[in-house]
Amino acid sequence: MNPAAIFRRLTALTCTFAVAGCVVTPKAPPSVAAPVRPTLAAPAPPASAASEAVRQHFAQLQMELLSNGLLRSDGGGGDTPYTERMLAENFIRIALYDEYARGRTGPVQRQTESRLRRWEVPVRVALRFGASVSADRRATDTARVRSYLDRLSRLTGHQISLSETSPNFFVHLVNEDERRALAPTLRSALPGLSAGEVAGITQMSLSTYCLVYAMSDGDSGRYTRAFAVIRAEHPDLLRLSCMHEEIAQGLGLANDSPRARPSIFNDDEEFALLTGQDELMLRMLYNPALTPGMTEAEARPIIFSLARSLLGGES
């Protein structure tokens, strides 16, 4: 298997709804019932044959990626230099373009220009575990997500936290069988998804590791809620990698670019975890000099100025 050919996730968020770069036009309704929290008491049931096959597939895939020197967790170093121009252009491609357009039966891969998108309200993340996830695994995942959200909040200067008080960003960790049953929860959390888009999640192919959908208020670029799905069958590093990317993309870095290096916003799988350049892009995204809804033409000179200040005039 050629790791560079793997499409890891459907992740571009834009305008009203976004699925891997696909724009959805309906505006958010005034109120939507939050997904019901699952019961946590019962022990994890035995895995089905389908779920076990998925687990084995991704265990083997992680081994292959690691053996090829991919899934790096060092954040980048001397072998991955970048200049202020590279940072600015990478930010433009990742924050102001979408990888997918919305089609009648779901997302269609096509790079399209979009607008700047981010949260203006506090981001309150809630974890939702399927019954297949053990208590020990839940505790580990919760601690990792909490720590990561604290890091993202420090980077962006925006309030981002794990919270059960009116959550607006749901992260579901579910196995194959549990994901197939998510349709009612999806329709409640993100009304307006087409039947094809719901099926794209419930019938997610093995070529998609994880995904995130987000909804914004009309054409404003202001996110109001998000919904991420991560496979519970993933081995440890792929699982953590999905957490890093889907949550970060759900904050507004919606696209992927083959030129972005070092970055998790790149389908080549070289980096598993948020890199130093990714941190700078998050800082740029939430800088008050930029505002949601900006076009590339409006944002470009500001972006280059921010990149210059962050990298101290390197060219």
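Every read-out reported here was derived from the displayed coordinates using simple, explicitly stated rules and does not represent laboratory data. This is a predicted model, so every value here is computed, not measured. Quick reminder, even Gly has a Cβ in these numbers, built from the backbone with ideal geometry, and neighbours come from all protein chains shown.
A few points about this structure:
- Spin-label pair A53/E120, simplified geometry with 7 Å Cα→Cβ offset, distance in nm: 4.8 nm
- Karplus-derived HN-Hα couplings along the stretch 62-70 (A = 6.51, B = -1.76, C = 1.60, θ = phi - 60°), whole Hz, x at Gly and Pro: 4, 4, 5, 4, 5, 5, 9, x, 9
- Taking label points 7 Å from Cα along the Cα-to-Cβ direction, R187 and S134 give a separation of 3.6 nm.
- Under 20 Å from the S73 label point (7 Å along Cα→beta-carbon), backbone N, the stretch 131-146: 134, 136-146
- Using a simple spin-label model with pseudo-atoms 7 Å out from Cα toward Cβ, L66 and Q111 lie 3.3 nm apart.
- Take 240-251, 75-86, 151-162, 270-281 and order them by the average number of nearby Cβ atoms within 10 Å per residue, most first; the result is 240-251, 270-281, 151-162, 75-86.
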